[in-house]
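The values are calculated or read from the model by the stated rules, or taken from the named source; none is laboratory data. Just so it is clear, the structure is predicted and the values come from calculations on it, not from any experiment. Note: ideal-geometry Cβ built from the backbone for every residue, glycine included; neighbour counts use all protein chains shown.
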Amino acid sequence: MIQPIYVRLQALQSGSVVLWEAVPQSFSDHVGTIDLSDLAVLVSSNAQTVNLSRDDVGNLWVAINYTFAKGDYIGTLTWVSSDTVSENLTIPTVVSFPQSYPSDVAPFLNSGRKMPVENEEIEKIANNIKTENMIETVKNVLSYATETQEYARETARLLVSGNLTTTSMLDYFKGPLEVLESNSSMCFERALFEEAILRAAGVPTRTFTDAGLKTWIQVWLPDQGWVDAESLCIAPAPHPPPIFPRSLSSSIPWMAQNSSDAIFPFQWFPEVPMRVSNLTFSNVEAFNIGEYRTLLVQPIDEEVFNSNPERFRFPIIYKPKIIEVAVTQKGSTLTISLIKDEEKVSKILTLNETNSVSLGDTTLSFEPIRRDYFVVLQNFLVQEPWGLDFRLFIIPIVGVPVVVVFWLYWRRKRIKRPRNVTRQAYKILSQLVTLNVNAENQRMEDSSKTVSSR
């Protein structure tokens with residue numbers, strides 16, 4: 001399964017920022033094990049530098065430095081593929097609280113940003129809900145959230161509408177105390193609310209967001225590991241939903257929270273005012289390949305690619321066509337392939353030089369450099385095929401008849417004018433001839449009279 005993750009923001013003032021974005025990695029917990037591959041990350045053309053790093057959980061973070069003018073867009077389009085390796089939904093009904101937690105799990109009991117674990121009201125709720133059974137404690141917290149919270153439809157609608165203006169995505173959402181007071185929340189807010197109560201009750205908990213912006217929680221259970229848990233915003237009737245309903249095979253994770261702080265899968269510093277233009281990639285027409293000049297590609301082992309080529313190639317979208325691209329590796333040799341229907345062309349990459357590869361009437365050009373486990377294609381450009389634009393025929397179609405009519409009118413006028421002049425000249429000449437004839441006749445008549453008188 002190949003899935004896009006799309007972030008697009010518009011600057012409301014000029015400035016410089018660093019956009020931090022989590023990119024999915026291979027993921028495993030008790031529910032399932034998913035092998036994830038980061039196929040490509042397209043970065044908008046006004047990026048200055050791109051840096052990569054990994055956190056302790058394994059998330060890949062892409063840090064992009066932008067300098068922009070007011071109204072400019074910044075963003076990324078990440079193509080990710082997944083394959084479920086194993087799945088295990090067997091969860092016991094009774095799990096006792098442990099005496100201690102592993103060092104990599106203990107931080108998920110701490111307070112953090114929008115995580116008021118030590119708040120008096122949150123602790124009171126947690127103490128009333130907690131039992132000796134971790135499973136029952138989780139169930140009680142999720143039931144409490146379902147019973148006390150209504151679904152904040154307007155918040156969810158605004159999030160995906162592209163009209164959200166905010167300098168911080170996290171600050172836009174209500175925190176657990178605000179959720180408690182308003183009794184209204186959407187999935188991200190509800191996950192933070194449940195997470196705060198569960199941590200206060202002694203259950204390690206973290207938020208989990210997928211590529212579709214759906215957010216839920218994961219709880220850590222002894223001998224089980226991290227397990228998905230969720231309270232649905234709208235509980236189906238007549239039976240309540242299970243507390244561990246989700247199979248990871250149905251979702252590509254965007255980010256698992258990697259600290260005691262609750263953070264959104266992307267953020268930027270400093271917090272220059274931005275309009276959240278897009279967070280999902282549902283409309284291909286919204287993507288313009290001309291706005292992207294950097295492409296980060298994670299090469300796939302050639303044998304692995306050949307065993308499942310459809311999983312490890314990603315689309316390059318431009319009008320009017322879509323071609324698919326794959327970058328493979330065999331030893332130290334890197335190869336790029338372009339695929340369109342039954343056609344395929346491959347070329348070995350030459351690092352630190354301008355490369356170009358063509359398929360039919362489409363040409364990709366770029367300068368590849370090696371960056372750890374990624375290949376960065378700088379100055380990436382798609383030369384779109386030349387096509388007929390029927391608008392070009394509007395001027396000839398409309399203009400030629402106008403020119404012809406004008407020419408005929410002008411020619412008619414030109415031809416008509418000499419004829420009129422000739423007729424007038426002929427008339428004058430005739431009059432002159434007549435006058436001359438009359439004068440000659442008169443002279444001859446006078447001469448005859450003179451002779452007769454003699």
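Return yes or no: is THR146 in the same structural domain as LEU12 (by TED's automatic domain parsing), modelled with pLDDT of 90 or more, hydroxyl-bearing (Ser, Thr, Tyr) and not in a strand (DSSP E or B)? Here the answer is no, as THR146 does not meet what is asked.
I'd like to know if segment 188-203 contains one or more residues that are in the same structural domain as THR93 (by TED's automatic domain parsing), without any contact (Cβ under 8 Å) to a residue 60 or more places away in the chain and surrounded by fewer than 22 Cβ atoms within 10 Å (Cβ to Cβ). No, segment 188-203 has no match at all. The set of residues in segment 285-310 that are among the charged types (D, E, K, R) and crowded, with 18+ Cβ neighbours inside 10 Å contains only ARG293. A single member of THR137, THR131 is over 19 Å from GLU178 (Cα atoms) and outside any helix (DSSP H, G or I), and it is THR131. GLU154 satisfies every condition listed in (1) assigned to a helix (DSSP H, G or I); (2) within 20 Å of TRP216 (Cβ to Cβ); (3) not aliphatic (A, V, I, L, M) except (2). Taking the criterion of being within 17 Å of THR363 (Cα to Cα) and free of Cβ contacts under 8 Å to residues at least 40 places away in the same chain, the residues of segment 309-325 that qualify are ILE317, ILE322, ILE323, GLU324. State the number of residues belonging to segment 98-128 that are of a type in the set (A, V, I, L, M), buried (at least 16 other Cβ atoms within 10 Å of the Cβ) and in a helix (DSSP H, G or I). Total meeting the criteria: 4.
Residues that are more than 30 Å from ASN308 (Cα to Cα) and either assigned to a loop (DSSP other than H, G, I, E, B) or more than 18 Å from the chain's Cα centre (by Cα) (or both): does segment 71-78 have at least one? Looking for residues that are more than 30 Å from ASN308 (Cα to Cα) and either assigned to a loop (DSSP other than H, G, I, E, B) or more than 18 Å from the chain's Cα centre (by Cα) (or both), one finds at least one in segment 71-78, hence yes.
Is it the case, given these coordinates, that PHE305 is in contact with a strand residue (DSSP E or B) (Cβ under 6 Å, 6 or more places away or on another chain), touching a residue at least 40 places away in the same chain (Cβ under 8 Å) and not in a strand (DSSP E or B)? When the stated conditions are applied, PHE305 does not pass them.
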